[in-house]
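To start, the structure under review is shown below, and the notes come after it.
The values are calculated or read from the model by the stated rules, or taken from the named source; none is laboratory data. Quick caveat, the model's predicted, so the values are computed rather than measured. Methodologically, a virtual Cβ is constructed for each residue, glycine included, from the backbone with ideal geometry; neighbour enumeration extends over all protein chains shown. To get the accessible areas, we keep the full protein, side chains included, count just its heavy atoms, and leave off ligands, DNA and RNA. Shrake-Rupley method; radii C 1.70, N 1.55, O 1.52, S 1.80 Å.
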Amino acid sequence: MQSYFKFEFLHFFFNKKNIAVYVILLFFSCYYAMVVAPSYDPIEKVDKLEMEARYLTREDFLNSVNTERMHPSTAYAVMTYPEWNEYEKGRLDALEEHDFKKYAEATSKWYTYSDGMIYKGGDFLFYHPRYYTYGNNYAREDGHFAYLSAASRYEGYAEGDYALSIDVFEERTALQTWQRLLQSYLPFILIVSCILLSADIVLKDRRNPTLLRGFPMSPWRRLLVKGGVALFGSILAFIPLAAGLLIIGARNGFGSLDLPVPIYSHVDKSFSLISLSEFMLQNMALIILWFVLIISLLLLTSILIRNEFANLFIGFAVVIGEFTYYTRGIGFIREVQWYPTSYIQVGQVISGYRNYVYESNALTLGNGATVLSACVCIILLTVFIISNLPKFKQL
């Protein structure tokens, strides 16, 4: 088996298609680091001018308002603006003093208070205008989630023991960039790479039928070795992507693995904090489990259909499967936690955002691992049975 593993290993890494996949990943990583990342413009950023505008506008209003005869909305503003400006002034003073701990504490209180005023205060108060762009019908819900998440994150900054900076606050450091991408399209890129790397892992043997006769192994054991090589090769896809992180780290710093990551709980509608290192490990665990599932599925389709384009079609169908039923609030009426495709966005699952948009409390790391593992076991058992049938002895 060791000789066959070396044989498959060499074929995998000298495969021109696989080399092209790694080169494309390296190009994408460097392009993102040098072009996309510097232009990242978060909605919730440290904008001193914006803070001053809000603070001065409210102060002018409070200083000029006639308190003898007031409209109810004016009375409401007079009642709520002083505390709002207290937190805003604390943020501005902290920035002036370059006291980032103090800024984090004041900002956490500002987001908590702001969300309380806006979300529960009626339709005459709004979140940041950029939540309402592109016809977003869920701007209020998105702003509510973002403000509470920011409040929790800044509270972690204030209580933690690590270096703080504007880049940390705006999540521009290398590790925080990786975290943001895990909650965006990075899982899709990694899983698609796995599909491309593994699609021909069985079917390429048609080009070398005589060589295989030198390895007297059962089809099942050969498939296991092929799956192991494909899994190893898929995990190595992280290496070209890491090149971009080095570029971002050199420009904005690498950040700390102890930085806080907010995790939403749909049960009590609140956020808790875990470390960035724990968040990364949980994401990597689910992504590797996805690799195992995809490779197992491609092994099965390779021995049943024996067509590389069919492998690609089925693999991509799994990747985009969630889009066929994705609807906000669907978790309230359908048990989407039992669909393996519901866990394709691993970062959003672990952060709790998927529970928030689906209105479910069951899309968790534990349920995801259970569902994906069950799928892997069923597929591998099917592969084992089929590969031992006389008809499929020669794969």
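Computed values, structure above
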read-out: Chain lengthening between residue 13 and residue 188 when straightened (0.36 nm per residue, less Cα-Cα); value: 60.8 nm
read-out: Contour excess over end-to-end distance, with Cα ends at residue 335 and residue 317 and 0.36 nm allotted per residue; value: 4.4 nm
read-out: The range 48-169, accessible area per residue, ligands and nucleic acids excluded (1.4 Å, Å²); value: 56
read-out: From phi via Karplus (6.51, -1.76, 1.60), per-residue ³J(HN,Hα) for the range 15-28 in Hz, x at Gly/Pro; value: 5, 4, 5, 5, 4, 4, 4, 5, 5, 5, 4, 5, 4, 4
read-out: Residues in the range 231-275 that a label on residue 36 would reach, taking backbone N under 13 Å of a point 7 Å out along Cα→Cβ; value: 241-242, 244-245
read-out: Separation in nanometres of the label points that stand 7 Å from Cα toward Cβ, at residue 65 and residue 125; value: 1.2
read-out: Mean separation of Cα contacts under 8 Å, 6 or more apart, over the residue count of the range 1-139: relative contact order %; value: 16
read-out: Shape category assigned to the range 48-169 from the gyration tensor of Cα positions, a/c cut at 1.5; value: oblate
read-out: Amide H partners (placed H, <5 Å) of residue 274, local residues excluded; value: 261, 263
read-out: Cross-link partners of residue 16 among lysines (Cα-Cα below 18 Å; sequence separation of 8 or more within a chain); value: 6, 204, 226
read-out: Selected from 15, 154, 280, residue furthest toward positive end of dipole (the chain; charges at beta carbon); value: 15
read-out: Candidate values (i) 1.05; (ii) 1.41; (iii) 1.22, label of the one derived for Cα Rg over 2.2 N^0.38 Å; value: (iii)
read-out: Solvent exposure, largest accessible area first (probe 1.4 Å, DNA, RNA and ligands not counted), of 3, 373, 149; value: 3, 373, 149
read-out: Karplus-derived 3J(HN,Hα), 6.51/-1.76/1.60, for each residue of the range 84-90, Hz, glycine and proline x; value: 4, 6, 4, 6, 5, 5, x
read-out: Of all accessible heavy-atom area on the range 48-169, the percent that carbon and sulfur account for (1.4 Å); value: 53
read-out: Distance (nanometres) between label positions extended 7 Å along Cα→Cβ at residue 80 and residue 374; value: 4.5
read-out: Residue-span extension gain [residue 389 to residue 45] - 0.36 nm each, minus C-alpha spacing; value: 117.8 nm
read-out: Mean Cα-pair separation over length for the chain, i.e. relative contact order, pairs under 8 Å, 6 or more apart, %; value: 20
read-out: Partners for residue 101 among lysines (Cα-Cα distance below 26 Å; same-chain residues under 8 apart left out); value: 45, 48, 89, 109
read-out: Calculated FRET value between residue 242 and residue 166, using beta carbons and R₀ = 30 Å, to 0.05; value: 0.80
read-out: Cα-centred dipole magnitude for the range 1-112, charges only on beta-carbon of K, R (+1) and D, E (-1), debye, nearest 20; value: 860
read-out: Computed [θ] at 222 nm, helices only, for the chain once each DSSP H run of length n ≥ 4 contributes -39500 (n - 2.57); value: -20500 deg cm²/dmol
read-out: The range 260-381 shape via C-alpha gyration tensor axes, a/c threshold 1.5; value: prolate
read-out: FRET efficiency, residue 137 to residue 2 (Cβ-Cβ, R0 56 Å, nearest 0.05); value: 0.45
